[in-house]
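Contents: one structure, followed by commentary.
The values are calculated or read from the model by the stated rules, or taken from the named source; none is laboratory data. Just so it is clear, the structure is predicted and the values come from calculations on it, not from any experiment. Here Cβ is always computed from backbone atoms with ideal geometry, including for glycine, and neighbour counts include all displayed protein chains.
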Amino acid sequence: MQTTNGAFPTEELRGRFARARRVCVLTGAGVSAESGIPTFRGGGGAAVWKGLPFDVISSAEMVERDLQAVWEWFDFRREVIRVVRPNPAHEALARWQDLFEDFTLVTQNIDGLHQAAGSSEVIELHGNIWRARCVMCGRLEHLSHDHSQMRSPRCTNCEGEMRPDVVLFGEIVPPEAFERAMLKAQACELFFVVGTSALVYPAAAIPEMAQTAGAFVVEINPELTPLSGFCNEVINGKAGEILPLFDAR
Ligand SMILES: [Zn+2]
């Protein structure tokens with residue numbers, strides 16, 4: 001592992017970035033946090049929504065028990081997120097899609113900020129807070145940023161109940177999204193892990209798969225993480241400060 005503080009990226013990494021044809025990036029909560037998005041987790045398991053802990057109100061079980069309460073919680077979160085703007089990390093990654101023959105952006109974030117910055121194709125491992133999904137037929141519906149527009153309580157296709165299209169506690173990552181991320185990770189030459197401690201499986205497995213398949217793995221996080229030990233290069237810093245340096249002319 002090579003850890004860089006101050007002088008970054010290294011010459012070697014700059015060279016790899018310039019030569020690479022297939023690049024894959026995994027982003028997490030740290031990238032959203034730099035835009036001011038709270039983690040919504042409270043602290044130490046503290047109750048954060050009407051007396052319910054984060055992992056209860058955001059759970060699959062709660063969808064069964066009280067879908068209305070889950071919606072209230074996610075309506076609240078969308079209201080908080082609505083005014084948040086993409087930061088220089090999102091903007092840099094949106095530019096990167098035009099730099100490489102094959103560029104893949106995978107995110108654990110659900111706020112849609114990558115798309116807001118201009119990233120056209122994003123593999124969303126945990127869904128998107130701006131989408132609702134029918135529990136019966138799976139039909140997706142985009143939720144407007146304009147709060148005067150009400151979301152439909154029922155599916156217009158089958159009358160089934162709509163739920164937030166996000167992966168909740170007790171649910172698995174959508175297999176097709178994970179599969180696509182895995183295949184791209186295994187096919188890339190350069191892999192970036194940005195703003196995530198990658199403790200949450202299966203997302204945590206993706207950088208390791210990339211490296212096993214031969215990719216050079218770079219971590220960008222403010223602090224060392226459990227991933228740091230195996231990454232080929234670790235840059236400790238904010239994503240919004242580091243990422244724009246790569247394609248700076
Ligand atoms: Zn339906």
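To keep it simple, each residue is scored yes or no on (1) modelled with pLDDT of 95 or more; (2) surrounded by fewer than 16 Cβ atoms within 10 Å (Cβ to Cβ); (3) of a type in the set (Lys, Arg).
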residue: 113; (1), (2), (3): yes, no, no
residue: 122; (1), (2), (3): yes, no, no
residue: 131; (1), (2), (3): yes, no, yes
residue: 134; (1), (2), (3): yes, no, no
residue: 139; (1), (2), (3): yes, yes, yes
residue: 142; (1), (2), (3): no, yes, no
residue: 147; (1), (2), (3): no, yes, no
residue: 164; (1), (2), (3): yes, no, no
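Got a sec? Which of 179, 159 is surrounded by fewer than 15 Cβ atoms within 10 Å (Cβ to Cβ), on the phi > 0 side of the Ramachandran plot, among the charged types (D, E, K, R) and not in a strand (DSSP E or B)?
Numbers: 179 fails: on the phi > 0 side of the Ramachandran plot.
Being surrounded by fewer than 15 Cβ atoms within 10 Å (Cβ to Cβ), on the phi > 0 side of the Ramachandran plot, among the charged types (D, E, K, R) and not in a strand (DSSP E or B) holds for just one of 179, 159, which is 159.
I need every pair where a residue in segment 159-181 that is not assigned by TED's automatic domain parsing to the domain that holds residue 106 and acidic (Asp, Glu) has its Cβ under 8 Å from the Cβ of a residue that is within 16 Å of the ligand (Cβ to nearest atom) and in a helix (DSSP H, G or I), sequence separation at least 6 or different chains.
The qualifying pairs are 161/67.
Which of the numbered conditions does residue 136 fail, given that it passes all the others? Conditions: (1) more than 16 Å from the chain's Cα centre (by Cα); (2) away from the ligand (no atom under 16 Å from the Cβ).
Exception for residue 136: condition (2).
Looking at this structure, is residue 173 assigned to a strand (DSSP E or B), buried (at least 19 other Cβ atoms within 10 Å of the Cβ) and away from the ligand (no atom under 16 Å from the Cβ)?
Working: assigned to a strand (DSSP E or B): no; buried (at least 19 other Cβ atoms within 10 Å of the Cβ): yes; away from the ligand (no atom under 16 Å from the Cβ): yes.
Against the criterion (assigned to a strand (DSSP E or B), buried (at least 19 other Cβ atoms within 10 Å of the Cβ) and away from the ligand (no atom under 16 Å from the Cβ)), residue 173 does not qualify.
Scan segment 107-133 for residues that are within 15 Å of the ligand (Cβ to nearest atom) and aliphatic (A, V, I, L, M) and report the count. Write out each step before concluding.
Taking segment 107-133 as the starting set, the residues that turn out to be within 15 Å of the ligand (Cβ to nearest atom) are 131-133.
Applying the additional criterion that residues be aliphatic (A, V, I, L, M) yields 132.
Total satisfying the criteria: 1.
Among the listed residues 66, 98, 111, 55, which satisfies the condition of being assigned by TED's automatic domain parsing to the domain that holds residue 238 and over 20 Å from residue 195 (Cβ atoms)? Spell out the reasoning first.
Values: 66 fails: assigned by TED's automatic domain parsing to the domain that holds residue 238; 111 fails: over 20 Å from residue 195 (Cβ atoms); 55 fails: assigned by TED's automatic domain parsing to the domain that holds residue 238.
The match here is 98.
Here are some conditions: (1) part of a helix (DSSP H, G or I); (2) assigned by TED's automatic domain parsing to the domain that holds residue 184; (3) closer than 25 Å to residue 152 by Cα. Residue 30 meets all but one. Which one does it not meet?
The single condition residue 30 does not satisfy is (3).
Count, please, the residues in segment 69-111 that happen to be buried (at least 18 other Cβ atoms within 10 Å of the Cβ) and free of Cβ contacts under 8 Å to residues at least 12 places away in the same chain.
0
Would you be able to say whether some residue in segment 35-55 is modelled with pLDDT of 90 or more and in a helix (DSSP H, G or I)?
There is no residue in segment 35-55 that is modelled with pLDDT of 90 or more and in a helix (DSSP H, G or I).
With respect to residue 159, determine if the residue is within 15 Å of the ligand (Cβ to nearest atom), under 22 Å from residue 80 (Cβ atoms) and among the acidic types (Asp, Glu).
Numbers: within 15 Å of the ligand (Cβ to nearest atom): yes; under 22 Å from residue 80 (Cβ atoms): no; among the acidic types (Asp, Glu): yes.
No.
When you go through (1) surrounded by fewer than 16 Cβ atoms within 10 Å (Cβ to Cβ); (2) away from the ligand (no atom under 16 Å from the Cβ) one by one for residue 152, which number turns out not to apply?
(2)
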